[in-house]
Amino acid sequence: MSIIVELGDLTQIKCDAIVNPANSYGFMGGGVAGAIKRIGGVEIENEAISKAPIDVGKAVATTSGNLPCKFVIHAPTMKEPAMRINAENVKLATKAALELGFELKLNSIAIPGMGTGVGRVPVEDAAREIVNIAKQYNEKFKKIILTDRNKEMVESFKSFI
């Protein structure tokens with residue numbers, strides 16, 4: 001199985017692309033997006049904004065700045081910044097990210113827990129949706145990395161593999 005689960009920092013993973021659980025405007029304020037911008041550089045946010053609006057269920061790729069990956073795939077889980085969402089949005093964002101990764105012919109993609117911060121999706125619900133979609137794309141990538149700094153998220157990923 002090409003799905004790997006690991007505790008770690010998304011911004012440090014060497015792979016073809018990492019997924020940013022974005023908002024439709026491309027603004028990268030806090031959480032995962034803020035960390036990507038802080039480490040990768042503001043040019044990632046500027047490029048994402050230039051491709052906005054990005055509907056929930058769609059995704060766009062940008063360059064990765066100083067990150068060790070080739071691309072950042074911005075897959076909105078929410079329309080507005082800091083919106084409360086449900087697990088369906090996590091499902092749509094995960095599918096959009098993996099579909100774009102497949103279209104770009106990527107070999108490896110890293111996905112964090114999505115929607116569990118400001119979106120307030122329960123960790124278990126988000127993990128279930130992310131893993132279920134990742135399983136559908138398992139044969140299309142050499143490696144799908146499900147990662148998070150939150151141990152509860154990582155354990156939830158593992159429970160659905």
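The values are calculated or read from the model by the stated rules, or taken from the named source; none is laboratory data. Here the structure is a predicted model, which is why all the values come from computation and not from measurement. Cβ: placed from backbone, ideal geometry, glycine included. Neighbour counts: every protein chain shown.
Among the charged types (D, E, K, R) and either within 19 Å of Lys140 (Cβ to Cβ) or at pLDDT below 95 (or both): does that describe Lys37? Against the criterion (among the charged types (D, E, K, R) and either within 19 Å of Lys140 (Cβ to Cβ) or at pLDDT below 95 (or both)), Lys37 does not qualify.
What about Lys79, is it at pLDDT 95 or above and basic (Lys, Arg)? Criteria not met by Lys79. Residues of the stretch 140-161 that are in contact (Cβ under 8 Å) with a residue 24 or more places away in the chain, over 20 Å from Met78 (Cα atoms) and part of a helix (DSSP H, G or I): Lys140, Lys151, Glu152, Val154, Ser156, Phe157, Lys158, Ser159, Phe160. Out of the stretch 1-38, which residues are β-branched (Val, Ile, Thr) and farther than 25 Å from Arg120 by Cβ? If the condition is that a residue be β-branched (Val, Ile, Thr) and farther than 25 Å from Arg120 by Cβ, then Ile3, Ile4, Ile13 are the ones that fit.
Table: residues versus (1) among the acidic types (Asp, Glu); (2) outside any helix (DSSP H, G or I); (3) within 15 Å of the chain's Cα centre (by Cα).
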{"residue": "Met83", "(1), (2), (3)": "no, yes, no"}
{"residue": "Ala97", "(1), (2), (3)": "no, no, yes"}
{"residue": "Ala110", "(1), (2), (3)": "no, yes, yes"}
{"residue": "Met114", "(1), (2), (3)": "no, yes, yes"}
{"residue": "Glu124", "(1), (2), (3)": "yes, no, no"}
{"residue": "Lys135", "(1), (2), (3)": "no, no, no"}
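Of all the listed residues (Gly41, Gly29, Gly115), the sole one being touching a helix residue (DSSP H, G or I) at 6+ places or on another chain (Cβ under 9 Å) and on the phi > 0 side of the Ramachandran plot is Gly115. Any residue in the stretch 96-114 that is of a type in the set (Ser, Thr, Tyr), surrounded by fewer than 22 Cβ atoms within 10 Å (Cβ to Cβ) and modelled with pLDDT of 95 or more? Yes.
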